[in-house]
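The values are calculated or read from the model by the stated rules, or taken from the named source; none is laboratory data. Please read all numbers here as calculations on a predicted model, not as lab measurements. For neighbour counting, all protein chains shown are included, and Cβ atoms are generated from backbone atoms with ideal geometry for every residue, glycine included. Accessible surface areas use protein heavy atoms only, side chains included; no ligands, DNA or RNA. Shrake-Rupley method; radii C 1.70, N 1.55, O 1.52, S 1.80 Å.
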Amino acid sequence: MMLEYSISPKGETFKLPSQEEYPKEYERLKELADRQRALGREIVVVMGLGFVGAVMAAVVADATDQNGQPTKFVIGMQRPSPRSFWKTPLLNRGIPPVSSEDPEVPLMINRCVNEKKTLTATYTYDALKLADVVIVDVQCDYLKESLGRVCEGRADMVAMEESIEIIAQQISPQTLVLIETTVAPGTTEQIAYPIIKKAFQKRGILSDPVLAHSFERVMPGKNYVASIRDFWRVCSGINEESTHRVVKFLKDVLNTEKFPLSVLDRPIESETAKIIENSFRATLLAFMDEWSLFAERNGVDLIKVINAIKVRPTHSNIIFPGPGIGGYCLPKDGGLGVWAYRHIHGFEDDIFKITPKAIDINDTRALHVAQLTRDALRNMSRPIASADILVLGASYREDVGDTRYSGSELIVRRLTEMGAELRVHDPYVLHWWEFEKQDEYPATSQSLKRFFRGQEKLKDLRIEQDLQKALHGIDALILAVRHRHYLNLNPEEIVKAAGGPIAVIDCFGILDDERIKRYFELGCEVKGLGRGHVKRIKDQVRKKIRNTE
Ligand SMILES: NC(=O)c1ccc[n+]([C@@H]2O[C@H](COP(=O)([O-])OP(=O)(O)OC[C@H]3O[C@@H](n4cnc5c(N)ncnc54)[C@H](O)[C@@H]3O)[C@@H](O)[C@H]2O)c1
């Protein structure tokens, strides 16, 4: 049976719209659009109010001309599914449907909805009829069949293909369709174009669609808005008119004077640019995994080594990988490229060696954290089974509330499988849906739980908001994310709150040598990813204790 309600992360319940409400909603939008068009504004529909679409919609709605007058009216369109409908009524109150550390996000959304009145949200696809421009920000996932073997997966084109189909049935022939979603290279020309062309023909429209691709480089953190508006963009249209239209549109809404556009010849080049960009980053991170293990086994502190190398300008982007590489993009984008080579372009040979290997290494790096935790507890003569373990940080990176494919999820799953009792603290995350709704999130049968045993009880895992309470009685503490709240924790206070010595696992170079030393002095055990030198500090502390006895 279809659920009739959608519940926001803060627990507010919204009834899904009934069929009778649709015509009235369209009337509302039509009136708004007519009035806005009379003011000389273009009507822009943003399809998909997720991490990208919600803030992109606000950036477009906030754009002004040289006289400070708004140039666009934006309708954010979100399908009314039980999982996502709540985003629409929230946005219509001026509240962002995504959490972020950037104070500009709520300010901008409130300003556009309630003051400038250049932004509204809706659930009806009829909004597309009103659009001069449609921006596609729906997801295009990559489904993995097994853990650590990305090549066994496939691109999930359903949301993208459905969206393009719906757009093609509703838009006017001159509407610019701008795909911002990261897609398998070839999608705009070989999947979207034929879908629109065919739908146009059925509607008696003979002209070519106006279709372009320009990928997002958004970083949902402290500079969320700037990472969309004040950042370099790549774009390309399927023909001259489309290229002209997309360039004009992006110049209207982004800070292209300071951050010039790169206009490429064909959409496949723009699509490939995104995939290479993220595969490059994934490869850089994966490359450090073997050196991280080398460091742990040979007394080397990889953090200091990296900092020493980084001063060379040619090597300044060397990075420490942390406990697995999460976020929505890096774990999947290379897979979209490898998949496209075979399934869009029809090649049979196996040219991709490095890109899939990098993703496989990154996808399994977090499992090593469970081994370090087991070993640290073993050194304290405590079994991992039924040990109480607190993970600090659920997000995939510091100072954001985005938990998608975070290394922490794998840490929790593996340690649970090994019999430990897990607790989690994260100041940015209210609900860790990957656990609470693990039967349906991120989609039915797509939860990472399928790769582990004994995961049922994790449905009851709740994010602890009170750190002191979370620390009480633990056996081990895993510093998993570099949230600013965790950078200066005091060892004395931690051990006191825990009620005695604990195992401390540093996944991200969070502890300096002074703190590591202090933990050992307090009777704790310390281990860390890439931090082989902790053994040296431990020996020094033990020697000092022996000499004073
Ligand atoms: N999140 C990031 O940091 C980031 C950065 C750069 C690029 N991207 C890319 O941007 C794209 C979107 O990512 P996201 O993070 O915003 O995803 P998301 O899952 O947060 O948002 C997608 C939204 O689209 C909606 N949607 C799906 N089908 C729809 C339809 N038919 N009609 C209306 N709405 C529909 C979903 O309900 C959801 O709200 C992806 O390709 C991603 O790879 C994301």
Residue, surrounded by the most Cβ atoms within 10 Å (Cβ to Cβ), within segment 69-89, restricted to residues that are more than 12 Å from the ligand (Cβ to nearest atom) and not in a loop (DSSP other than H, G, I, E, B): Val74
Selection status of Thr243, polar (S, T, N, Q) and more than 20 Å from the chain's Cα centre (by Cα): yes
When residues of segment 114-125 are limited to those that are within 13 Å of the ligand (Cβ to nearest atom) and assigned to a loop (DSSP other than H, G, I, E, B), the one least open to solvent (accessible area, probe 1.4 Å): Thr124
The lone exception for Tyr193 - which of (1) open to solvent by 50 Å² or more (accessible area, probe 1.4 Å); (2) more than 15 Å from the ligand (Cβ to nearest atom); (3) more than 13 Å from Glu271 (Cβ to Cβ) it fails: (3)
Condition check for Val59: part of a strand (DSSP E or B), away from the ligand (no atom under 11 Å from the Cβ), open to solvent by less than 10 Å² (accessible area, probe 1.4 Å) and out of contact with any Phe, Trp or Tyr (no Cβ under 6 Å at 6 or more places or on another chain): no
Failed condition for Lys258, given (1) out of contact with any Ser or Thr (no Cβ under 6 Å at 6 or more places or on another chain); (2) assigned to a loop (DSSP other than H, G, I, E, B); (3) surrounded by 16 or more Cβ atoms within 10 Å (Cβ to Cβ): (3)
Of all residues in segment 138-163 being within 19 Å of Ile238 (Cβ to Cβ) and more than 9 Å from the ligand (Cβ to nearest atom), the one that is least open to solvent (accessible area, probe 1.4 Å): Met157
Extreme residue, nearest to the chain's Cα centre (by Cα), among residues of segment 331-354 that are exposed (fewer than 11 other Cβ atoms within 10 Å of the Cβ) and of a type outside the set (Asp, Glu): Lys353
Looking only at segment 196-218, and only at residues there that are crowded, with 19+ Cβ neighbours inside 10 Å and within 13 Å of the ligand (Cβ to nearest atom), the one that is nearest to the chain's Cα centre (by Cα): Val218
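Residue by residue, here is whether (1) assigned to a helix (DSSP H, G or I); (2) within 26 Å of the chain's Cα centre (by Cα); (3) more than 28 Å from Val98 (Cβ to Cβ) holds:
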{"position": "Val177", "(1), (2), (3)": "no, yes, no"}
{"position": "Val183", "(1), (2), (3)": "no, yes, no"}
{"position": "Phe231", "(1), (2), (3)": "no, yes, no"}
{"position": "Ile268", "(1), (2), (3)": "yes, yes, yes"}
{"position": "Glu271", "(1), (2), (3)": "yes, yes, no"}
Helices (runs of 4 or more DSSP H) enclosed by segment 430-520 - at least 3 residues per element that are of a type in the set (A, V, I, L, M, F, W, C) and within 30 Å of the chain's Cα centre (by Cα): 467-471
Flag for Arg111 being within 26 Å of Pro23 (Cα to Cα) and more than 16 Å from the ligand (Cβ to nearest atom): no
First in segment 308-330 and open to solvent by less than 70 Å² (accessible area, probe 1.4 Å), second anywhere and assigned to a loop (DSSP other than H, G, I, E, B) and polar (S, T, N, Q), Cβ under 7 Å, 6 or more apart: Gly326/Ser406; Cys329/Thr182
Lone unmet requirement of (1) on the phi > 0 side of the Ramachandran plot; (2) open to solvent by less than 10 Å² (accessible area, probe 1.4 Å) for Gly454: (2)
Selected residue [farther than 26 Å from Asp289 by Cβ, in contact with a strand residue (DSSP E or B) (Cβ under 8 Å, 6 or more places away or on another chain) and touching a residue at least 24 places away in the same chain (Cβ under 8 Å)] from Leu511, Leu467, Leu522, Leu479: Leu467
Residue within segment 236-243 that is part of a helix (DSSP H, G or I) and either touching a residue at least 40 places away in the same chain (Cβ under 8 Å) or open to solvent by less than 70 Å² (accessible area, probe 1.4 Å) (or both) present: yes
Yes/no for Leu130 being among the aliphatic types (A, V, I, L, M) and open to solvent by 50 Å² or more (accessible area, probe 1.4 Å): no
Qualifying residue in segment 368-381 (condition: under 16 Å from Glu464 (Cα atoms), open to solvent by less than 10 Å² (accessible area, probe 1.4 Å) and either of a type outside the set (Ser, Thr, Tyr) or not in a loop (DSSP other than H, G, I, E, B) (or both)): no
